[in-house]
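Report on the following structure.
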Amino acid sequence: MLSVSSARLHARIAALARFGALPGGGVTRSCWSPAHEEARGWLLGEIKSAGLTPWVDPAGNVFGGLGLDRFDGATPAVLTGSHIDTVPEGGTLDGALGVLAGLECLQTIHEAGAAPRRPLAVAAWSDEEGRYGSLFGSRAFCGRLDAAAIPAMAAVDGERLVDVMTRAGFDPLRAPEARAPAGAVDAYVELHIEQGPRLEEAGIPIGIVDAIVGIHRARVVFAGQADHAGTTPMERRRDAFLGAADYALKARELVVARGGPRVVTNVGVVQVHPGVSNIVPGRAELVHEMRDPDAAVLERLAGECAALARDVATARGLAVEVRPMSATMPAPCAPRVQTAIEAACAALGLAWRRLYSAAGHDAQNLAAITDAGMLFVPSRGGRSHRVDEASDAEAIERGANTLLHTLLRLAA
Ligand SMILES: [Zn+2]
């Protein structure tokens with residue numbers, strides 16, 4: 001049975017890890033940075049030397065085609081891929097694995113002289129980690145990028161997308177032209193590290209993703225009265241921070257109790273105004289995030305949390321405003337792709353289990369234009385988005401071979 005070269009795949013993972021490498025291990029390689037652009041150049045060279053056709057689209061997505069030199073609606077391609085950008089102080093596998101394993105699979109198929117019915121391509125999507133705009137490249141490819149929003153897109157430190165894209169030699173306003181023609185992609189499958197502990201703890205080598213979580217975020221703003229923190233009697237204070245704190249504790253309880261086994265919730269941003277120790281906070285804002293693979297669960301919880309915020313405010317003599325910020329809909333994975341992964345596991349004698357992805361991925365955009373799916377390999381200790389992110393060499397090889405046989409099935 002056809003199998004990938006594990007040695008070549010690991011050599012490429014090590015080679016890519018040098019771009020943006022940190023002295024203590026790990027990588028910082030945000031999209032459009034000099035390190036990322038060097039990595040892009042390296043990747044294009046690897047695609048070429050693997051015998052594939054390289055090209056780059058106006059959103060900066062890198063592709064390597066086998067039997068394909070661009071996307072058109074006439075020859076639907078089977079697509080795989082992931083991303084080569086990283087979070088700050090990230091690891092060497094998040095994204096890199098899916099791109100380099102995809103490249104390895106296509107090279108293996110090419111060298112074996114196998115002639116699948118459909119053309120194949122591997123993609124490295126721009127700015128998956130969203131320094132400037134979440135899932136930027138796959139959004140552009142799937143026709144979900146609003147051109148009018150591009151000039152305002154910026155990193156949290158203020159660095160503007162238009163500046164870094166221009167520096168990297170791209171015309172930012174042309175990024176939406178990366179949109180794939182209708183019918184260009186017949187199926188998409190992405191290999192990724194799990195980034196959580198479930199597979200490792202169960203001793204299962206392959207996770208077949210059935211859905212990618214939706215994410216609901218709301219800004220909750222409590223308003224009270226700013227007062228002198230020394231001279232105002234305690235019983236007269238309308239402390240907005242206490243409303244925010246009370247809400248944070250009760251919202252967690254509510255979501256865990258009412259949301260079912262898969263929901264997660266986080267308050268990762270809290271701002272207190274005016275934010276000095278000798279003034280009772282007159283205003284407190286927090287950002288409340290919830291994730292679940294079921295859109296109906298998220299919608300119901302969002303309503304219940306808004307009611308909770310009003311109850312907390314009333315009880316404490318405060319006003320409150322709940323402003324929905326963004327809602328990413330959960331993306332179910334296509335049964336056809338899940339079945340192909342299952343069949344690949346069966347052929348390779350690998351155990352698998354179904355799970356959902358608690359992190360966002362480019363596959364959720366692809367799911368809007370084609371049959372899309374994902375497979376996971378175990379992450380050591382469930383660690384990710386940190387410098388000691390790792391997966392065992394055998395786990396990576398199993399994942400790459402499962403991807404190979406999934407692609408062969410989808411393209412047959
Ligand atoms: Zn990733």
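At-a-glance table
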| item | result |
| --- | --- |
| Average silhouette area of the stretch 304-412, convex hull of alpha-carbon atoms, in square nanometres | 10.7 |
| Folded to 0 to 90 degrees: helix 335-348 orientation relative to the chain principal axis, Cα | 60 |
| Cα-based Rg and Dmax for the stretch 98-143, where Dmax is the largest Cα-Cα distance (Å) | 13.9, 41 |
| Label-point separation in nm, His273 to Thr231, each point 7 Å along Cα→Cβ | 2.4 |
| Cα coordinate range in the stretch 335-388, projected on the principal axes (Å, largest first) | 34, 32, 14 |
| Computed over the stretch 64-189, Kirkwood Rh from alpha-carbon pairs, angstrom | 15.7 |
| Kirkwood hydrodynamic radius (C-alpha pairs) into Stokes-Einstein, the stretch 183-275, 10 °C and 1.306 mPa s, D in µm²/s | 88 |
| Semi-axis lengths, Å, the stretch 3-58, gyration tensor of Cα atoms, sqrt of 5 times eigenvalues | 21, 18, 7 |
| Within the stretch 279-412: Cβ-based charge dipole about Cα centre, in debye rounded to nearest 20 (Lys, Arg +1; Asp, Glu -1) | 100 |
| For the chain, average projected area of the Cα convex hull in nm² | 21.2 |
| Calculated [θ] (222 nm, deg cm²/dmol) that DSSP helices of n ≥ 4 give over the chain, each run adding -39,500 (n - 2.57) | -10500 deg cm²/dmol |
| Most positive-pole-ward Cα, Cys305, Gly169, Gly64, against dipole of the chain from beta carbon charges | Cys305 |
| Radius of gyration and maximum dimension Dmax of the stretch 228-277, Cα, Å | 15.1, 47 |
| For the stretch 247-379: span of alpha carbons on each principal axis (Å, largest first) | 67, 28, 27 |
| Geometric extent, Cα atoms of the stretch 1-152 - Rg, Dmax (angstrom) | 15.4, 51 |
| Label-point separation in nm, Ser49 to Asp171, each point 7 Å along Cα→Cβ | 3.3 |
| Binned Cα-Cα distances of the stretch 148-216, short to long, each 5 Å bin given as a whole percent | 3, 10, 14, 12, 11, 17, 15, 11, 6, 1 |
| Linear extension gain, Asp392 paired with Ala319, 0.36 nm per residue minus alpha-carbon span | 21.1 nm |
| Calculated FRET efficiency for the pair Arg8/Glu289, C-beta based, R₀ 56 Å, to 0.05 | 0.90 |
| Long-range HN-HN contacts of Ala372 with modeled amide H, under 5 Å | Tyr188, Ala334 |
| Separation in nanometres of the label points that stand 7 Å from Cα toward Cβ, at Glu299 and Ala202 | 2.9 |
| Computed magnitude of the charge dipole of the chain (debye, nearest 20; Cβ of K, R +1, Cβ of D, E -1) | 520 |
| For the stretch 194-270, size of Cβ-based charge dipole, Lys and Arg +1, Asp and Glu -1, in debye | 340 |
| Charge-dipole axis of the stretch 56-185 as Lys and Arg at +1 and Asp and Glu at -1 on Cβ define it, positive-most pick from Ala114, Gly158, Ala140 | Ala114 |
| Extent along principal axes [Cα atoms of the stretch 364-404; Å; largest to smallest] | 35, 24, 12 |
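Readers should treat all values here as calculations from the given coordinates under stated rules, not as data from a laboratory. What you are looking at is a predicted structure, and each value in this text was computed from that prediction instead of being measured. Ideal geometry is used to build each Cβ from the backbone, glycine not excepted, and the neighbour counts take in all protein chains shown.
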